[in-house]
(Lines give C-alpha, C1' and ligand atoms only; values in the text may rest on other atoms or scores of the structure.)
Protein backbone atom coordinates (compact mmCIF):
# COMPACT_ATOMS: atom_id res chain seq x y z
CA UNK A 1 0.00 0.00 0.00
CA UNK A 2 2.84 2.36 0.87
CA UNK A 3 4.34 1.86 -2.58
CA UNK A 4 0.98 2.62 -4.16
CA UNK A 5 0.50 5.75 -2.05
CA UNK A 6 4.01 7.10 -2.17
CA UNK A 7 5.57 6.04 -5.47
CA UNK A 8 6.47 8.91 -7.71
CA UNK A 9 8.43 9.28 -10.91
CA UNK A 10 11.81 10.76 -10.05
CA UNK A 11 12.30 11.67 -13.67
CA UNK A 12 9.78 14.50 -13.26
CA UNK A 13 11.97 16.31 -10.75
CA UNK A 14 14.50 19.05 -11.41
CA UNK A 15 15.35 22.51 -10.16
CA UNK A 16 12.75 24.29 -12.22
CA UNK A 17 13.03 28.02 -13.03
CA UNK A 18 10.67 30.61 -14.42
CA UNK A 19 11.01 34.17 -15.61
CA UNK A 20 11.04 36.42 -12.54
CA UNK A 21 8.62 39.28 -12.02
CA UNK A 22 8.08 41.73 -9.15
CA UNK A 23 6.68 40.29 -5.91
CA UNK A 24 2.90 40.42 -5.64
CA UNK A 25 2.67 40.72 -1.85
CA UNK A 26 0.80 38.46 0.55
CA UNK A 27 2.04 35.34 2.31
CA UNK A 28 2.98 31.87 1.20
CA UNK A 29 0.75 28.85 1.77
CA UNK A 30 1.26 25.09 1.75
CA UNK A 31 -1.01 22.20 0.78
CA UNK A 32 -1.54 19.61 2.11
CA UNK A 33 -0.51 20.53 5.64
CA UNK A 34 0.67 17.00 6.38
CA UNK A 35 2.51 14.53 4.19
CA UNK A 36 4.62 11.44 4.51
CA UNK A 37 8.05 10.62 3.14
CA UNK A 38 8.46 11.09 -0.63
CA UNK A 39 5.09 12.80 -0.91
CA UNK A 40 4.86 16.18 -2.64
CA UNK A 41 3.41 19.34 -1.16
CA UNK A 42 2.52 22.46 -3.10
CA UNK A 43 3.82 25.84 -1.95
CA UNK A 44 2.11 28.94 -3.31
CA UNK A 45 4.41 31.95 -3.27
CA UNK A 46 3.59 35.67 -3.15
CA UNK A 47 6.05 36.28 -5.98
CA UNK A 48 7.01 34.77 -9.33
CA UNK A 49 9.61 32.13 -8.63
CA UNK A 50 13.10 32.02 -10.06
CA UNK A 51 15.66 29.44 -8.96
CA UNK A 52 13.73 28.26 -5.90
CA UNK A 53 15.36 25.87 -3.42
CA UNK A 54 13.74 24.26 -0.37
CA UNK A 55 14.51 22.35 2.80
CA UNK A 56 12.24 20.23 4.98
CA UNK A 57 13.40 19.89 8.56
CA UNK A 58 16.74 21.33 7.48
CA UNK A 59 17.20 18.66 4.81
CA UNK A 60 17.52 19.65 1.14
CA UNK A 61 14.37 18.75 -0.78
CA UNK A 62 13.70 18.31 -4.47
CA UNK A 63 11.73 21.20 -6.02
CA UNK A 64 9.72 21.47 -9.21
CA UNK A 65 8.06 24.68 -10.44
CA UNK A 66 4.50 24.10 -11.66
CA UNK A 67 3.52 27.71 -12.37
CA UNK A 68 5.11 31.15 -11.99
CA UNK A 69 3.96 31.27 -8.33
CA UNK A 70 3.74 27.61 -7.25
CA UNK A 71 6.36 24.96 -6.62
CA UNK A 72 6.11 21.33 -5.55
CA UNK A 73 8.42 20.17 -2.79
CA UNK A 74 9.14 16.51 -2.15
CA UNK A 75 9.40 15.48 1.50
CA UNK A 76 12.80 13.79 2.03
CA UNK A 77 12.70 10.23 3.32
CA UNK A 78 15.18 10.99 6.10
CA UNK A 79 13.35 13.61 8.18
CA UNK A 80 11.64 12.93 11.49
CA UNK A 81 7.89 12.79 11.80
CA UNK A 82 5.99 15.63 13.43
CA UNK A 83 5.89 19.38 12.73
CA UNK A 84 8.87 20.39 10.60
CA UNK A 85 9.81 23.67 8.97
CA UNK A 86 9.56 23.93 5.20
CA UNK A 87 11.91 26.75 4.14
CA UNK A 88 11.61 28.04 0.58
CA UNK A 89 14.38 30.33 -0.66
CA UNK A 90 14.48 32.32 -3.88
CA UNK A 91 17.39 34.73 -3.99
CA UNK A 92 16.88 37.21 -1.16
CA UNK A 93 13.33 36.03 -0.59
CA UNK A 94 12.58 33.40 2.05
CA UNK A 95 9.38 31.85 3.39
CA UNK A 96 9.06 29.42 6.32
CA UNK A 97 5.98 27.25 6.59
CA UNK A 98 5.06 24.33 8.82
CA UNK A 99 4.38 20.80 7.64
CA UNK A 100 3.43 17.83 9.79
CA UNK A 101 5.45 14.92 8.49
CA UNK A 102 3.68 11.59 8.87
CA UNK A 103 6.55 9.56 10.25
CA UNK A 104 7.68 6.03 10.94
CA UNK A 105 4.68 4.91 13.00
CA UNK A 106 2.25 6.01 10.29
CA UNK A 107 4.24 4.28 7.57
CA UNK A 108 4.46 1.13 9.71
CA UNK A 109 0.66 1.01 9.94
CA UNK A 110 0.36 0.84 6.14
CA UNK A 111 -1.38 4.21 5.84
CA UNK A 112 -4.57 2.87 4.28
CA UNK A 113 -6.73 2.85 7.43
CA UNK A 114 -7.88 6.10 9.01
CA UNK A 115 -10.02 6.93 12.01
CA UNK A 116 -12.51 9.77 12.42
CA UNK A 117 -14.13 11.00 15.63
CA UNK A 118 -17.83 11.54 14.90
CA UNK A 119 -20.97 12.25 16.93
CA UNK A 120 -23.02 9.11 17.50
CA UNK A 121 -25.93 9.92 15.23
CA UNK A 122 -23.72 11.20 12.44
CA UNK A 123 -21.53 8.10 12.74
CA UNK A 124 -24.51 5.84 12.13
CA UNK A 125 -25.51 7.92 9.11
CA UNK A 126 -22.03 7.89 7.61
CA UNK A 127 -21.59 4.18 8.26
CA UNK A 128 -24.90 3.39 6.57
CA UNK A 129 -24.14 5.61 3.60
CA UNK A 130 -20.52 4.69 2.94
CA UNK A 131 -20.10 1.10 4.14
CA UNK A 132 -20.92 -0.29 0.69
CA UNK A 133 -20.59 2.70 -1.61
CA UNK A 134 -17.29 4.56 -1.19
CA UNK A 135 -17.18 8.26 -0.44
CA UNK A 136 -15.68 9.92 -3.52
CA UNK A 137 -12.78 12.29 -2.91
CA UNK A 138 -10.93 14.49 -5.43
CA UNK A 139 -7.89 12.19 -5.25
CA UNK A 140 -9.42 8.87 -4.29
CA UNK A 141 -12.13 7.29 -2.16
CA UNK A 142 -12.95 6.19 1.38
CA UNK A 143 -15.06 3.25 2.55
CA UNK A 144 -16.34 2.83 6.12
CA UNK A 145 -15.03 -0.48 7.48
CA UNK A 146 -16.11 -0.28 11.11
CA UNK A 147 -17.26 1.86 14.01
CA UNK A 148 -16.43 1.82 17.69
CA UNK A 149 -18.66 3.75 20.10
CA UNK A 150 -16.49 5.16 22.86
CA UNK A 151 -19.63 5.35 24.96
CA UNK A 152 -18.43 7.36 27.92
CA UNK A 153 -20.30 10.52 28.93
CA UNK A 154 -20.36 13.76 27.01
CA UNK A 155 -17.66 15.41 24.99
CA UNK A 156 -15.32 13.54 22.64
CA UNK A 157 -15.46 10.36 24.72
CA UNK A 158 -19.20 10.21 24.14
CA UNK A 159 -18.66 10.01 20.38
CA UNK A 160 -17.82 7.21 17.96
CA UNK A 161 -14.62 6.28 16.16
CA UNK A 162 -15.23 5.45 12.52
CA UNK A 163 -12.68 3.32 10.69
CA UNK A 164 -12.32 3.96 6.96
CA UNK A 165 -10.23 2.34 4.25
CA UNK A 166 -8.85 4.95 1.88
CA UNK A 167 -7.67 4.33 -1.66
CA UNK A 168 -5.89 6.77 -3.97
CA UNK A 169 -7.07 7.33 -7.52
CA UNK A 170 -3.56 6.75 -8.84
CA UNK A 171 0.01 5.91 -7.80
CA UNK A 172 1.04 9.57 -7.57
CA UNK A 173 -1.54 10.44 -4.91
CA UNK A 174 -0.03 10.88 -1.47
CA UNK A 175 -1.46 10.01 1.93
CA UNK A 176 -1.46 13.59 3.17
CA UNK A 177 -3.60 14.74 0.27
CA UNK A 178 -6.19 12.05 0.99
CA UNK A 179 -6.27 12.80 4.72
CA UNK A 180 -6.80 16.52 4.18
CA UNK A 181 -9.45 15.91 1.53
CA UNK A 182 -11.32 13.52 3.81
CA UNK A 183 -11.11 15.94 6.75
CA UNK A 184 -12.46 18.76 4.59
CA UNK A 185 -15.27 16.56 3.25
CA UNK A 186 -16.36 15.37 6.70
CA UNK A 187 -15.59 18.60 8.56
CA UNK A 188 -13.86 16.64 11.33
CA UNK A 189 -10.41 15.66 12.49
CA UNK A 190 -9.06 12.66 10.60
CA UNK A 191 -6.02 10.63 11.55
CA UNK A 192 -4.24 7.50 10.45
CA UNK A 193 -4.66 4.34 12.51
CA UNK A 194 -1.04 4.64 13.60
CA UNK A 195 0.81 2.06 15.66
CA UNK A 196 2.57 3.60 18.67
CA UNK A 197 5.33 1.81 20.54
CA UNK A 198 6.54 1.35 24.10
CA UNK A 199 10.25 1.01 23.16
CA UNK A 200 12.04 0.00 26.37
CA UNK A 201 15.77 0.46 25.97
CA UNK A 202 16.81 -2.54 28.03
CA UNK A 203 16.07 -4.72 31.01
CA UNK A 204 17.57 -7.66 32.81
CA UNK A 205 17.18 -9.79 35.96
CA UNK A 206 18.74 -8.36 39.07
CA UNK A 207 21.12 -11.32 39.25
CA UNK A 208 22.54 -10.71 35.77
CA UNK A 209 25.60 -8.65 34.97
CA UNK A 210 25.12 -6.14 32.17
CA UNK A 211 26.48 -2.84 30.97
CA UNK A 212 24.62 0.33 30.12
CA UNK A 213 25.16 4.07 30.41
CA UNK A 214 28.73 3.66 31.69
CA UNK A 215 28.20 0.73 34.05
CA UNK A 216 30.86 -1.88 33.39
CA UNK A 217 30.00 -4.46 36.04
CA UNK A 218 26.70 -5.35 37.69
CA UNK A 219 24.10 -2.61 37.23
CA UNK A 220 23.80 0.00 39.99
CA UNK A 221 20.11 0.79 40.49
CA UNK A 222 18.86 4.25 41.27
CA UNK A 223 16.59 3.73 44.26
CA UNK A 224 13.30 5.62 44.50
CA UNK A 225 12.07 6.36 48.00
CA UNK A 226 8.40 6.59 48.95
CA UNK A 227 7.27 9.91 50.46
CA UNK A 228 6.48 10.15 54.15
CA UNK A 229 3.61 12.64 54.02
CA UNK A 230 1.39 11.77 51.06
CA UNK A 231 1.13 8.37 49.38
CA UNK A 232 -1.66 8.77 46.82
CA UNK A 233 -4.58 7.84 49.09
CA UNK A 234 -7.85 8.08 47.16
CA UNK A 235 -6.11 8.50 43.78
CA UNK A 236 -6.13 5.96 40.94
CA UNK A 237 -3.19 5.50 38.57
CA UNK A 238 -4.46 4.16 35.24
CA UNK A 239 -1.62 2.30 33.53
CA UNK A 240 -2.31 2.20 29.78
CA UNK A 241 0.22 -0.36 28.68
CA UNK A 242 0.90 -4.07 28.07
CA UNK A 243 -1.02 -5.13 31.17
CA UNK A 244 -0.20 -5.22 34.87
CA UNK A 245 0.08 -8.25 37.15
CA UNK A 246 -1.09 -7.93 40.80
CA UNK A 247 2.41 -7.81 42.40
CA UNK A 248 2.00 -6.49 45.97
CA UNK A 249 -0.72 -3.91 45.39
CA UNK A 250 -3.20 -5.76 47.59
CA UNK A 251 -6.77 -4.51 47.42
CA UNK A 252 -5.54 -1.39 45.61
CA UNK A 253 -5.24 -3.49 42.47
CA UNK A 254 -8.48 -2.94 40.53
CA UNK A 255 -8.75 -6.34 38.87
CA UNK A 256 -12.54 -6.13 38.61
CA UNK A 257 -12.25 -2.95 36.52
CA UNK A 258 -9.31 -4.10 34.36
CA UNK A 259 -9.94 -3.72 30.64
CA UNK A 260 -8.22 -5.32 27.67
CA UNK A 261 -8.66 -3.21 24.53
CA UNK A 262 -6.39 -5.40 22.44
CA UNK A 263 -7.11 -8.65 20.64
CA UNK A 264 -4.17 -10.40 22.28
CA UNK A 265 -4.48 -13.59 24.29
CA UNK A 266 -4.89 -13.04 28.01
CA UNK A 267 -6.32 -10.12 29.95
CA UNK A 268 -5.29 -6.78 31.38
CA UNK A 269 -4.14 -8.60 34.52
CA UNK A 270 -1.34 -10.33 32.60
CA UNK A 271 1.78 -8.71 31.16
CA UNK A 272 3.17 -11.02 28.45
CA UNK A 273 5.57 -8.52 26.93
CA UNK A 274 9.06 -9.94 26.39
CA UNK A 275 11.81 -8.56 24.20
CA UNK A 276 15.38 -9.67 23.67
CA UNK A 277 17.81 -6.77 23.30
CA UNK A 278 21.30 -8.13 22.70
CA UNK A 279 22.20 -10.21 25.74
CA UNK A 280 19.43 -8.64 27.83
CA UNK A 281 15.82 -9.84 28.00
CA UNK A 282 13.10 -7.38 28.97
CA UNK A 283 10.29 -9.12 30.85
CA UNK A 284 7.19 -7.04 31.27
CA UNK A 285 6.56 -3.37 30.65
CA UNK A 286 3.31 -2.29 32.29
CA UNK A 287 4.09 -4.27 35.45
CA UNK A 288 7.49 -2.72 36.31
CA UNK A 289 6.06 0.72 35.49
CA UNK A 290 3.11 0.18 37.83
CA UNK A 291 5.46 -1.13 40.53
CA UNK A 292 7.54 2.05 40.39
CA UNK A 293 4.37 4.11 40.59
CA UNK A 294 2.51 2.39 43.39
CA UNK A 295 3.80 -1.02 44.52
CA UNK A 296 3.53 -1.52 48.25
CA UNK A 297 7.21 -2.39 48.57
CA UNK A 298 9.09 -0.16 46.13
CA UNK A 299 6.56 2.29 44.72
CA UNK A 300 6.21 6.03 45.23
CA UNK A 301 2.43 6.25 45.85
CA UNK A 302 2.02 3.20 48.11
CA UNK A 303 -1.64 3.97 48.86
CA UNK A 304 -2.82 4.73 45.30
CA UNK A 305 -5.06 2.39 43.34
CA UNK A 306 -3.63 0.70 40.24
CA UNK A 307 -5.95 0.29 37.26
CA UNK A 308 -4.69 -1.99 34.45
CA UNK A 309 -5.88 -0.89 31.01
CA UNK A 310 -4.23 -2.98 28.33
CA UNK A 311 -3.83 -0.96 25.14
CA UNK A 312 -0.61 -2.56 23.83
CA UNK A 313 -0.07 -6.09 22.56
CA UNK A 314 2.58 -8.57 23.72
CA UNK A 315 4.86 -7.24 20.95
CA UNK A 316 4.80 -3.76 22.50
CA UNK A 317 2.76 -2.29 19.66
CA UNK A 318 -0.09 0.01 20.70
CA UNK A 319 -2.94 0.73 18.31
CA UNK A 320 -3.94 4.38 18.46
CA UNK A 321 -7.62 3.44 18.67
CA UNK A 322 -6.97 1.34 21.77
CA UNK A 323 -5.12 4.19 23.47
CA UNK A 324 -8.00 6.57 22.78
CA UNK A 325 -10.48 4.05 24.22
CA UNK A 326 -8.29 3.58 27.27
CA UNK A 327 -8.04 7.31 27.97
CA UNK A 328 -11.82 7.64 27.72
CA UNK A 329 -12.44 4.64 29.97
CA UNK A 330 -10.08 5.99 32.62
CA UNK A 331 -11.40 9.54 32.74
CA UNK A 332 -15.15 9.35 32.10
CA UNK A 333 -16.14 6.11 33.80
CA UNK A 334 -15.62 4.71 37.27
CA UNK A 335 -13.85 7.56 39.05
CA UNK A 336 -13.95 11.35 38.94
CA UNK A 337 -11.24 12.43 36.50
CA UNK A 338 -9.72 14.69 39.15
CA UNK A 339 -8.78 11.56 41.09
CA UNK A 340 -7.06 9.87 38.14
CA UNK A 341 -3.47 9.93 36.92
CA UNK A 342 -2.86 8.56 33.42
CA UNK A 343 0.46 6.78 32.84
CA UNK A 344 1.34 6.82 29.13
CA UNK A 345 4.72 5.13 28.70
CA UNK A 346 4.34 5.03 24.93
CA UNK A 347 4.51 7.34 21.98
CA UNK A 348 5.05 8.25 18.34
CA UNK A 349 6.92 10.89 16.36
CA UNK A 350 3.64 11.89 14.68
CA UNK A 351 0.85 13.77 16.52
CA UNK A 352 -2.75 12.58 16.47
CA UNK A 353 -5.45 15.23 16.54
CA UNK A 354 -7.95 12.75 17.98
CA UNK A 355 -5.66 11.67 20.82
CA UNK A 356 -4.95 15.34 21.47
CA UNK A 357 -8.69 16.01 21.69
CA UNK A 358 -9.44 13.25 24.22
CA UNK A 359 -6.40 14.12 26.35
CA UNK A 360 -7.36 17.78 26.35
CA UNK A 361 -10.84 16.76 27.52
CA UNK A 362 -9.40 14.44 30.19
CA UNK A 363 -7.28 17.25 31.62
CA UNK A 364 -10.22 19.65 31.48
CA UNK A 365 -12.08 17.12 33.64
CA UNK A 366 -9.23 17.16 36.14
CA UNK A 367 -6.98 14.24 35.14
CA UNK A 368 -3.19 14.42 35.38
CA UNK A 369 -1.09 12.83 32.65
CA UNK A 370 2.50 11.56 32.79
CA UNK A 371 3.88 10.71 29.33
CA UNK A 372 7.28 9.31 28.37
CA UNK A 373 9.53 11.77 26.53
CA UNK A 374 10.90 8.98 24.32
CA UNK A 375 14.16 7.13 23.86
CA UNK A 376 15.39 8.18 20.41
CA UNK A 377 17.83 10.97 21.27
CA UNK A 378 20.82 8.81 20.35
CA UNK A 379 19.18 8.25 16.95
CA UNK A 380 18.59 11.90 16.09
CA UNK A 381 21.49 11.88 13.62
CA UNK A 382 19.75 9.25 11.50
CA UNK A 383 17.10 11.73 10.37
CA UNK A 384 16.88 15.50 9.99
CA UNK A 385 14.52 17.98 11.61
CA UNK A 386 13.07 18.43 15.08
CA UNK A 387 12.54 15.27 17.13
CA UNK A 388 9.19 14.88 18.89
CA UNK A 389 7.50 12.18 20.95
CA UNK A 390 3.72 12.29 21.30
CA UNK A 391 1.67 12.51 23.49
CA UNK A 392 4.49 13.89 25.70
CA UNK A 393 5.18 16.65 23.16
CA UNK A 394 1.65 18.00 23.69
CA UNK A 395 3.07 19.40 26.94
CA UNK A 396 5.68 21.63 25.28
CA UNK A 397 5.57 25.09 26.80
CA UNK A 398 5.62 26.77 23.41
CA UNK A 399 2.91 24.53 22.00
CA UNK A 400 2.67 24.08 18.24
CA UNK A 401 1.76 27.60 17.14
CA UNK A 402 2.14 27.00 13.40
CA UNK A 403 0.23 23.70 13.27
CA UNK A 404 -3.15 24.97 12.13
CA UNK A 405 -6.06 23.91 9.97
CA UNK A 406 -9.18 25.60 8.71
CA UNK A 407 -11.41 22.84 10.14
CA UNK A 408 -9.83 22.47 13.62
CA UNK A 409 -8.20 24.69 16.23
CA UNK A 410 -4.41 24.72 16.40
CA UNK A 411 -2.69 22.44 18.86
CA UNK A 412 -1.86 24.33 22.03
CA UNK A 413 -0.08 23.12 25.12
CA UNK A 414 -2.08 20.78 27.34
CA UNK A 415 -1.08 22.12 30.73
CA UNK A 416 -1.90 18.98 32.73
CA UNK A 417 0.38 16.73 30.67
CA UNK A 418 3.95 16.21 31.89
CA UNK A 419 6.65 14.96 29.53
CA UNK A 420 9.06 12.76 31.50
CA UNK A 421 12.78 12.41 30.85
CA UNK A 422 15.09 9.70 32.20
CA UNK A 423 18.03 10.31 34.53
CA UNK A 424 21.13 8.17 34.86
CA UNK A 425 23.52 8.04 37.77
CA UNK A 426 27.18 8.86 37.37
CA UNK A 427 28.72 8.77 40.82
CA UNK A 428 27.03 11.51 42.82
CA UNK A 429 25.65 13.24 39.72
CA UNK A 430 22.37 12.66 37.93
CA UNK A 431 22.26 13.63 34.25
CA UNK A 432 19.89 13.02 31.38
CA UNK A 433 20.34 9.51 30.01
CA UNK A 434 21.97 9.56 26.59
CA UNK A 435 18.83 8.14 24.93
CA UNK A 436 16.31 10.40 26.72
CA UNK A 437 14.77 12.87 24.29
CA UNK A 438 15.29 16.58 24.85
CA UNK A 439 13.04 19.53 24.22
CA UNK A 440 10.65 21.99 25.81
CA UNK A 441 8.19 19.14 26.38
CA UNK A 442 10.41 17.58 29.05
CA UNK A 443 8.81 18.85 32.25
CA UNK A 444 10.18 16.53 34.94
CA UNK A 445 12.74 13.77 35.15
CA UNK A 446 13.14 10.61 37.22
CA UNK A 447 15.46 7.61 37.37
CA UNK A 448 15.33 5.70 34.10
CA UNK A 449 18.93 5.08 33.13
CA UNK A 450 19.17 2.05 35.40
CA UNK A 451 16.26 1.60 37.78
CA UNK A 452 15.25 -1.32 39.97
CA UNK A 453 11.67 -2.59 39.71
CA UNK A 454 9.59 -5.78 39.65
CA UNK A 455 8.91 -7.97 36.63
CA UNK A 456 5.46 -9.56 36.02
CA UNK A 457 6.37 -12.43 38.36
CA UNK A 458 7.32 -10.11 41.20
CA UNK A 459 11.06 -10.71 40.78
CA UNK A 460 13.50 -7.84 40.91
CA UNK A 461 14.81 -6.59 37.60
CA UNK A 462 16.65 -3.60 36.22
CA UNK A 463 15.00 -1.44 33.59
CA UNK A 464 16.16 1.30 31.25
CA UNK A 465 14.02 3.86 29.42
CA UNK A 466 11.80 6.92 29.85
CA UNK A 467 8.89 4.49 30.22
CA UNK A 468 10.07 3.60 33.71
CA UNK A 469 10.88 7.17 34.70
CA UNK A 470 7.27 7.93 33.80
CA UNK A 471 6.05 5.37 36.34
CA UNK A 472 7.96 7.23 39.06
CA UNK A 473 6.43 10.56 38.03
CA UNK A 474 2.93 9.04 37.91
CA UNK A 475 3.36 7.97 41.52
CA UNK A 476 4.57 11.43 42.50
CA UNK A 477 1.62 13.06 40.71
CA UNK A 478 -0.76 10.79 42.65
CA UNK A 479 0.80 12.07 45.87
CA UNK A 480 0.47 15.65 44.65
CA UNK A 481 -3.19 15.06 43.80
CA UNK A 482 -3.84 13.73 47.32
CA UNK A 483 -2.13 16.79 48.76
CA UNK A 484 -4.04 19.19 46.47
CA UNK A 485 -7.50 17.62 46.00
CA UNK A 486 -9.17 20.78 44.69
CA UNK A 487 -6.35 22.06 42.50
CA UNK A 488 -6.41 22.13 38.70
CA UNK A 489 -4.05 19.84 36.80
CA UNK A 490 -2.17 22.89 35.54
CA UNK A 491 -1.56 24.25 39.02
CA UNK A 492 -0.40 20.85 40.28
CA UNK A 493 2.06 20.53 37.41
CA UNK A 494 3.36 24.04 38.07
CA UNK A 495 3.83 23.28 41.77
CA UNK A 496 5.44 19.90 41.11
CA UNK A 497 7.90 21.51 38.71
CA UNK A 498 8.75 24.23 41.23
CA UNK A 499 9.39 21.56 43.86
CA UNK A 500 11.65 19.49 41.59
CA UNK A 501 15.20 19.07 42.79
CA UNK A 502 18.26 20.10 40.78
CA UNK A 503 21.72 20.93 42.17
CA UNK A 504 20.82 19.91 45.74
CA UNK A 505 20.07 16.42 44.44
CA UNK A 506 23.08 16.30 42.15
CA UNK A 507 21.03 16.88 39.01
CA UNK A 508 23.00 18.49 36.19
CA UNK A 509 21.61 19.59 32.83
CA UNK A 510 19.61 22.26 31.03
CA UNK A 511 15.83 22.51 31.19
CA UNK A 512 15.60 20.97 27.72
CA UNK A 513 17.60 17.99 29.05
CA UNK A 514 16.01 17.34 32.45
CA UNK A 515 13.03 19.72 32.57
CA UNK A 516 12.65 21.27 36.00
CA UNK A 517 14.74 18.48 37.54
CA UNK A 518 14.23 15.34 39.62
CA UNK A 519 10.59 14.89 40.58
CA UNK A 520 9.73 15.09 44.28
CA UNK A 521 6.52 14.24 46.07
CA UNK A 522 4.93 16.87 48.34
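The values are calculated or read from the model by the stated rules, or taken from the named source; none is laboratory data. All values reported here derive from a predicted model rather than from experimental measurement. Virtual Cβ from ideal backbone geometry, glycine too; neighbours counted across all protein chains shown.
So which residues in the range 271-304 are more than 15 Å from residue 454 (Cα to Cα), surrounded by fewer than 24 Cβ atoms within 10 Å (Cβ to Cβ) and touching a strand residue (DSSP E or B) at 6+ places or on another chain (Cβ under 6 Å), if there are any at all?
Answer for the range 271-304, where residues must be more than 15 Å from residue 454 (Cα to Cα), surrounded by fewer than 24 Cβ atoms within 10 Å (Cβ to Cβ) and touching a strand residue (DSSP E or B) at 6+ places or on another chain (Cβ under 6 Å): 275, 277, 280.
Scan the range 361-372 and tell me whether some residue there is modelled with pLDDT under 95 and under 26 Å from residue 387 (Cα atoms).
No, the range 361-372 contains no residue that is modelled with pLDDT under 95 and under 26 Å from residue 387 (Cα atoms).
If a residue must be buried (at least 23 other Cβ atoms within 10 Å of the Cβ) and either without any contact (Cβ under 8 Å) to a residue 12 or more places away in the chain or closer than 24 Å to residue 387 by Cβ (or both), how many such residues does the range 62-78 contain?
Number of matching residues: 2.
If you check residue 411 against the conditions, is it in a loop (DSSP other than H, G, I, E, B), surrounded by 18 or more Cβ atoms within 10 Å (Cβ to Cβ) and either touching a helix residue (DSSP H, G or I) at 6+ places or on another chain (Cβ under 9 Å) or at pLDDT below 95 (or both)?
In short, yes.
Inspect the range 167-179 for any residue being assigned to a strand (DSSP E or B) and outside the structural domain of residue 323 (by TED's automatic domain parsing) and give the result as yes or no.
yes
Is it the case that residue 244 is touching a strand residue (DSSP E or B) at 6+ places or on another chain (Cβ under 9 Å), assigned to a loop (DSSP other than H, G, I, E, B), at pLDDT 95 or above and surrounded by 20 or more Cβ atoms within 10 Å (Cβ to Cβ)?
Judged against the criteria, residue 244 is a match.
Need a quick list: strands (runs of 3 or more DSSP E) entirely within the range 268-344 having at least 3 residues that are in the same structural domain as residue 448 (by TED's automatic domain parsing) and modelled with pLDDT under 90.
274-277, 280-283
Residue check, residue 90 against (1) under 27 Å from the mean Cα position of the chain (by Cα); (2) surrounded by 15 or more Cβ atoms within 10 Å (Cβ to Cβ); (3) over 21 Å from residue 189 (Cα atoms), all met but one. Which one?
For residue 90, the exception is condition (1).
Looking at the structure I just gave you, is residue 223 at pLDDT below 55 and under 23 Å from residue 422 (Cα atoms)?
Yes.
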